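Notes to accompany the following structure.
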Amino acid sequence: MGLYERDYGREDEMSPWDRHQRSQQPKSMTIILVVITVAIYFIDMFTGEQLGPGDRQSRLLPWFGCWSETLLRPWQWYQFLTYGFLHDQNSLMHVGFNMFGLWVFGRNVEQRMGRWEFLRFYLVSMFVGGVAGCLTYWAMGIDNGVVIGASGAVIAVTIMFACYYPQATILLMFVIPVKAWVVAVIFVVTNLYGSLTMLSGQAAQGGTAFTVHLAGVAFALLYYFQHWNLNWLDFSDSGRTFRQSIRRTKLKIHDPDQKLRQENEEVDQILAKIHASGEQSLTRSERRVLERHSRRQREKRNLD
């Protein structure tokens with residue numbers, strides 16, 4: 001097969017309709033989430049304050065991180081979602097690994113769920129992880145703890161990938177080939193052990209949020225085995241309905257000349273019909289249109 005016989009060699013031969021259809025394909029929600037998260041990371045980097053070598057202070061963290069007291073402040077519950085778009089400013093690997101994992105596993109999960117259900121799943125996983133992080137700080141007696149990062153939601157996506165494709169091969173540490181279900185088991189065991197170690201006080205404060213990860217794992221497993229669906233969180237249909245109602249209820253601008261223009265066009269068509277088929281071919285409604293038009297023209301001449 002020659003190069004120009006392949007599909008990617010015939011881009012110029014596509015019809016305008018095919019190119020239009022391709023351009024109208026919905027964008028991947030996975031890619032959109034990756035781009036948004038990376039963009040926020042760099043915005044946070046450029047707006048932050050350099051305290052010293054390798055030590056940056058985020059200006060977004062106080063407003064959008066998930067703090068231990070967030071659970072007691074309903075007006076700040078938006079932080080249960082926004083924390084997942086913030087990452088450690090002193091470690092590029094934090095956002096890098098999370099977004100790489102979302103990109104690798106998210107696209108396949110999105111294909112199974114659909115883009116909007118995938119978005120709902122991702123955000124609810126993030127919300128559940130944020131609540132788990134707050135409860136963990138309560139249990140540990142930490143007053144000023146904060147959770148950031150998308151790892152809880154990304155691990156939930158990874159678990160869903162393992163549920164949908166258990167026999168798929170994954171390169172663990174980019175080297176060791178293992179089945180997806182094995183990776184899921186490793187995630188469950190390591191995060192369960194890490195959570196128990198944290199809650200028992202044997203682990204240092206800060207670092208990996210094992211309970212947030214474990215919450216993501218639990219939510220994904222419940223979602224899969226309980227056959228959950230998050231369509232009840234779908235606000236896109238409500239938005240479309242609202243926009244349609246707005247369009248339907250738009251005030252119509254009164255244009256008196258428009259009716260006259262329409263009548264003149266209709267009269268022209270009737271006159272053309274008379275010329276082609278004779279006056280006897282007119283219907284009653286067409287005769288009434290001519291009479292009304294003639295009467296209006298006479299009234300206009302009398303006024304002049």
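Residue-by-condition table, conditions (1) modelled with pLDDT of 75 or more; (2) over 30 Å from residue 127 (Cα atoms); (3) part of a helix (DSSP H, G or I):
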position: 229; (1), (2), (3): yes, no, no
position: 247; (1), (2), (3): no, yes, yes
position: 254; (1), (2), (3): no, yes, no
position: 293; (1), (2), (3): yes, yes, yes
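Kindly establish whether residue 180 is in contact with a strand residue (DSSP E or B) (Cβ under 7 Å, 6 or more places away or on another chain) and either assigned by TED's automatic domain parsing to the domain that holds residue 64 or of a type outside the set (Ser, Thr, Tyr) (or both). Criteria met by residue 180.
Matching residues to (1) within 20 Å of residue 93 (Cα to Cα); (2) modelled with pLDDT of 90 or more:
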| residue | (1), (2) |
| --- | --- |
| 181 | no, yes |
| 184 | no, yes |
| 188 | no, yes |
| 191 | yes, yes |
| 197 | no, no |
| 200 | no, no |
| 203 | no, no |
| 215 | no, yes |
| 220 | no, yes |
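The test for being of a type in the set (S, T, N, Q) and surrounded by fewer than 16 Cβ atoms within 10 Å (Cβ to Cβ) does not hold for residue 68.
Among helices (runs of 4 or more DSSP H) lying entirely in region 93-206, which contain 3 or more residues that are closer than 26 Å to residue 42 by Cβ? Even if it seems obvious, please write down each step before you answer.
Values: elements: 115-140, 151-164, 180-199.
Result: 115-140, 151-164.
Within region 13-31, identify whether any single residue is at pLDDT 90 or above, within 30 Å of residue 105 (Cα to Cα), surrounded by 10 or more Cβ atoms within 10 Å (Cβ to Cβ) and small (Gly, Ala, Ser), and answer yes or no.
Initially, region 13-31 is screened for residues at pLDDT 90 or above, giving 28-31.
Okay, now just the ones that are also within 30 Å of residue 105 (Cα to Cα), so 28-31.
Within this subset, residues satisfying the condition of being surrounded by 10 or more Cβ atoms within 10 Å (Cβ to Cβ) are 28-31.
Adding the requirement that they be small (Gly, Ala, Ser) leaves 28.
Within region 13-31, one or more residues are at pLDDT 90 or above, within 30 Å of residue 105 (Cα to Cα), surrounded by 10 or more Cβ atoms within 10 Å (Cβ to Cβ) and small (Gly, Ala, Ser).
Taking the criterion of being in contact (Cβ under 8 Å) with a residue 40 or more places away in the chain, in the same structural domain as residue 171 (by TED's automatic domain parsing) and within 24 Å of residue 220 (Cα to Cα), would at least one residue in region 43-62 satisfy it? Within region 43-62, not a single residue is in contact (Cβ under 8 Å) with a residue 40 or more places away in the chain, in the same structural domain as residue 171 (by TED's automatic domain parsing) and within 24 Å of residue 220 (Cα to Cα).
The values are calculated or read from the model by the stated rules, or taken from the named source; none is laboratory data. Predicted model only: the values in this text are computed from it and were never measured. Positions of Cβ are generated from backbone atoms using ideal geometry, with glycine treated the same way; all protein chains shown enter the neighbour counts.
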